[in-house]
Amino acid sequence: MDKILLDRAQAGDAEAQYNLGFKYYLKGGVVRHYKEAEKWLRLAAEQGHASAQFNLGVLYADGLGVEQDYREATRWWRLAAEQGNAWAQCNLGDLYQFGDGVKQDYEEAARWYRLAAEQGYAIAQNRLGLQYNKGQGVVQDYEEATRWWRLAADQGFADAQYNLGVMYYIGEGVIQDYKEAARWYRLAAEQGLASAQYNLGVLFFDGKGVLQDEKEAARWIRLAAEQGHVTAQNNLGLMYDLGRGVEQDKKEAVRWYRLSAEQGHVSAQSLLGIMYEDGEGVEKNKEEAYFWYLLAAANGSKAGLQYRDALAEELTKAQREIVQTRAIMWFEEHEEK
């Protein structure tokens, strides 16, 4: 413990109180102690220290050292935001965007995002871009969305890089340009953003904006799939199933289909059913195939519906009822999650 810092904090120095509270919050040279952090941050916040007000709001939002209370978080963030603290302005925008601790108000969200964005805060620039893209709290304007995303993307913010890539891919707010889409996707993908990794993989698979390279496609799609990206898991399964970009491996196909299907991906559910019905990559099991077809059909898959009805004729009524009960339980379990 820095005795000079403690002495200054105990003497009422707001900056020292903030620094001491922040040390307890981030475990900076002291044992992390959220209640101590709250005590010192509050003392500084009550003296009008904007950073202390912001961080005290964080403690309330996350329930660290205090009982979680979005209203109290809102109060402290508003005090900091009104002093120009960009982080607080952005967080206050989030509260209005989602209606946490305040009545949902997209216009108010956009107002606070803009104040932070104009200070160069990348997260707020990305959020404001989303507002313009969706027309929430502002008049929908793809060019304006692109402008804010570019500002954030130029700072290295991965989500904005991805969003800018999407705009170049579909040609909204900018002239359609697959090469530019690939460039922005790659920047985000290299930071580990799963959605960008998947989209970059698709570009390599299709040869859009890059030289077609199915192995490179598989590499990027795998990175996304390993992070749980549901569509990437399905498509990686399909690549193993067909031997595209990877050596054909039916067991691997089943593994990736299953991961995707368990997350509710309709195509993966149908494809996994086919693997069980045909006995490819797994032991043939018509009841298991029927189970996955049931899920796919219930999720609106026409193919799943056709496969389900065709296979139903090969099962007894008792077999169908057992599987149907299992499917109901699956949906109940996943609704709870």
Take the residues in the range 311-337 that are in contact (Cβ under 8 Å) with a residue 12 or more places away in the chain and among the β-branched types (Val, Ile, Thr), then tell me which one is surrounded by the most Cβ atoms within 10 Å (Cβ to Cβ).
Val323
Only one residue in Gly165, Gly129, Gly201, Gly137 is outside any helix (DSSP H, G or I) and either buried (at least 23 other Cβ atoms within 10 Å of the Cβ) or not polar (S, T, N, Q) (or both). Which one?
Gly137
Given the conditions (1) among the basic types (Lys, Arg); (2) at pLDDT 95 or above; (3) not assigned by TED's automatic domain parsing to the domain that holds Ala52, and given that Lys103 satisfies all but one, which numbered condition is not satisfied?
(2)
Residues of the range 235-274 being touching a Phe, Trp or Tyr at 6+ places or on another chain (Cβ under 6 Å), acidic (Asp, Glu) and not in a helix (DSSP H, G or I), which ones?
Asp249
Give me the helices (runs of 4 or more DSSP H) completely within the range 1-99, filtered to those with at least 2 residues that are over 29 Å from the mean Cα position of the chain (by Cα) and surrounded by fewer than 21 Cβ atoms within 10 Å (Cβ to Cβ), ordered by residue number.
3-10, 14-26, 34-45
Among the numbered conditions (1) over 30 Å from Phe331 (Cα atoms); (2) surrounded by 17 or more Cβ atoms within 10 Å (Cβ to Cβ); (3) without any contact (Cβ under 8 Å) to a residue 24 or more places away in the chain; (4) in contact with a Phe, Trp or Tyr (Cβ under 8 Å, 6 or more places away or on another chain), tell me where Arg186 comes up short.
(4)
What are the pairs with Cβ atoms under 8 angstrom where one residue, in the range 290-310, is in a loop (DSSP other than H, G, I, E, B) and the other, located anywhere, is of a type in the set (Val, Ile, Thr)? Sequence gap at least six, or different chains.
Asn299/Val266; Gly300/Val266; Ser301/Val266
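The values are calculated or read from the model by the stated rules, or taken from the named source; none is laboratory data. Computed from a predicted model, the values in this text were never measured in an experiment. In this analysis, Cβ positions are derived from the backbone assuming ideal geometry, glycine residues included, and neighbour counts consider all displayed protein chains.
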